[in-house]
Amino acid sequence: MLFQLDEPSQKLQPVSTSWNPEELGLESYIITTAESAERILAESVFGEPLLLVSNQVRTANKKRADILALDRNGNAVIIELKRDRGRLGVETQALQYLADFSAYKGRDFLRRFSSTGLTEEAVLSFLGDKGSVDLLNQCPRVILLARDFDESVFVIGEWLSDKGVAFRCISYQPIEISGARFLSFSVAFDHSPEGLYQLIFSASTREPGIFWHNIADNSQEWWDFLRTSGQIPACFQNAPGDQGEKILCKYKEGDKIIAFAKGYGAIGWGVIENPKYRLITASQNNGFGDKCLHRLNIKWEAVANQLSDGLRVDEVRRRFSIYHPISTSVAIRLQDGLRLIEDLSQRFPCES
């Protein structure tokens, strides 16, 4: 609920709105948010990156599921949207879709939805180091999104989670102020195993790893700035606590980062030493305005001076069995990553 402060009384007054988006409109907004890229649904809405398979997906009995996606574990996520209140029965509809889609596992899942544009390369690029097409969709799950929910839906969610079906409810609120329209999202109910959240973990509980990191902008000026200043960026809403901060703060000392620029591939690598995250202001951004204000320091070990010297994605895939990232940060298998790092070190020797 959004409130406005009434100055004379110093009381909070609820902000009401007549705007009530249609379900298809809401679906479109979620799929095409500014932070979304290459089929990735908005992490700020769902609290995790999800790879879009398709929207309005036909089931075996000719019904249509609102959105079908894949999570970082390669499991199908059925997302059902309701314009108004989520009442008892909405979960039954989602479970019908769950039953249909759960029949497709491994490569059968990929074949079933290949007509949507889903490819093996896109799946493996999204899943990263733990990716396996043969293990797709072992534990499908449900996300419901509505204005609010009856408690009876949460009761069913409790029961489903006891049966091993991960279940989440997300509420949204539309607001219109002076002609400008806003949508806010919050988790109303979540009974999902911790293993679903591969990007949200305590750095102290794992060994240092190797990660792709997308530098977000593939201009030479931007790369020159990041290279000389010893930084890696993240974007999103450029706000405290958003996904940009979470991604950078997941890195720990000793992590090896391979920088990626769209169109140029692998452009160098570095090591996180004494990590110091900060959210800078636009005035501190060296003339780049509000571009990607989340920053983390990095010690670059071997980098291309010119983006055009980068190791192209097709060569990286052919020689190292590593697929390019389609989100900001993706883990890379250790042995494959070490071989790529060795190649980059020979390709871009450090200047003495």
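All of the numbers you see were taken from the coordinates with simple rules; none came from a lab. Owing to the predicted nature of the structure, the values given are computational and were not obtained by experimental measurement. So basically every Cβ, Gly included, is an ideal-geometry build from the backbone, and we count neighbours across all protein chains shown.
By average Cβ neighbour count within 10 Å, what is the ranking of 119-125, 268-274 from highest down?
Ranked by mean Cβ neighbours within 10 Å, highest first: 268-274, 119-125.
Of Glu315, Glu80, Glu91, which is the most mobile in a GNM of the chain whose springs link Cα atoms less than 10 angstrom apart?
Most flexible of the set in this elastic network: Glu315.
Once phi is turned into θ = phi - 60°, what whole-Hz ³J(HN,Hα) does the Karplus curve with 6.51, -1.76 and 1.60 give for every residue of region 4-18, x standing for Gly and Pro?
Each residue of region 4-18 in turn: 10, 7, 8, 4, x, 8, 6, 10, 8, 10, x, 8, 9, 8, 8 Hz.
Charges at C-beta only: +1 for Lys and Arg, -1 for Asp and Glu. How large is the resulting dipole of the chain about its Cα centre, in Debye rounded to 20?
660
Beta carbons within 10 angstrom, averaged per residue: use that to sort the peptides 321-331, 207-217, highest first.
Order by mean packing, descending: 321-331, 207-217.
Taking the Cβ of each residue in Arg278, Arg64 as the centre, tally the other Cβ atoms inside 10 Å and list the residues starting with the fewest.
Arg64, Arg278
With springs only between Cα atoms under 10 Å apart, run a GNM on the chain and tell me which of Pro140, Pro233, Pro14 wobbles the most.
Pro14
Students often get this wrong, so check it: of Lys250/Lys276; Lys163/Lys246; Lys246/Lys276, which have C-alpha atoms separated by over 19 Å?
Lys163/Lys246
Just check region 279-352 against the gyration tensor rule for me: Cα atoms, a ≥ b ≥ c as the square roots of the eigenvalues, rounded for a/c under 1.5, and otherwise prolate or oblate depending on whether a/b exceeds b/c.
Because a/c hits 1.5 or more and a/b exceeds b/c, region 279-352 counts as prolate.
Which of Asn305, Gly289, Leu340 sits closest to the plus end of the dipole of region 203-347, meaning its Cα is farthest towards the positive end, when Lys and Arg get +1 and Asp and Glu get -1 on the C-beta?
Of the candidates, Leu340 comes out farthest on the positive side.
Between Gly310, Gly287, Gly47, where does the largest GNM mean-square fluctuation fall for the chain, given springs only between Cα atoms within less than 10 Å?
Gly287
Can you give the local net charge around Lys276? Use residues other than it whose beta-carbon is closer than 11 angstrom to its beta-carbon, Lys and Arg +1, Asp and Glu -1.
Cβ neighbours under 11 Å give a net charge of 0.
Skipping prolines and chain starts, which residues have an amide H placed within reach, meaning under 5 Å, of the one on Ile322, given they are 5 or more residues away or on another chain?
Sorted by chain and number, the residues that satisfy this are Arg317.
Just rank Arg112, Arg85, fewest to most, by other beta-carbon atoms within 10 angstrom.
Final ranking by Cβ density, sparse to dense: Arg85, Arg112.
Return, in residue-number order, each cysteine of the chain whose C-beta is not under 4.7 Å from any other cysteine's C-beta.
Result for the chain is Cys139, Cys169, Cys249, Cys350, no neighbouring Cys Cβ within the cutoff.
Using 0.36 nm per residue, how much length does the chain from Gln220 to Glu22 gain when fully extended, once their Cα-Cα distance is taken away?
Fully extending the segment from Gln220 to Glu22 adds 67.1 nm.
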